[in-house]
Amino acid sequence: MTGTRAFFLMFYAVLALVGLFLAAAAKDAGITIFAWGLVLFGVLNAYRTIGAHYDGAGRH
């Protein structure tokens, strides 16, 4: 895994974790929806980054 992919994988993991903490502390529906969207964004992009790594590794 390249350094760039590892950085973005960690970045997306931190975003998802921040979203979880934000959702736990949310007092209204708007922040809750945003926080769960942040979690979903982080998890899906981390999955996409891992998939891109294995797709690239399979070509060589």
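The values are calculated or read from the model by the stated rules, or taken from the named source; none is laboratory data. From a predicted model like this one, the values you see are computed outputs, not experimental measurements. Here the Cβ is made from the backbone with ideal geometry for all residues, glycine too, and neighbour counts use every protein chain on show. Accessible surface areas use protein heavy atoms only, side chains included; no ligands, DNA or RNA. Shrake-Rupley method; radii C 1.70, N 1.55, O 1.52, S 1.80 Å.
Spin-label model, ASP55 to ALA29: label points 7 Å out along the Cα-to-beta-carbon direction sit 3.7 nm apart.
Share of carbon and sulfur in the accessible area of the chain stands at 73%, probe radius 1.4 Å.
Using a simple spin-label model with pseudo-atoms 7 Å out from Cα toward Cβ, MET10 and PHE41 lie 2.1 nm apart. Pairs of Cα atoms nearer than 8 Å and 6+ residues apart set the relative contact order; for the chain it is 42 percent.
Here the Kirkwood formula, the inverse mean of 1/r across different C-alpha pairs, assigns the chain a hydrodynamic radius of 12.2 Å. Axis of helix 29-58 versus longest Cα principal axis of the chain: the two differ by about 10°, to the nearest ten degrees. Rolling a 1.4 Å probe across the protein heavy atoms gives the chain an accessible surface of 75 Å² per residue.
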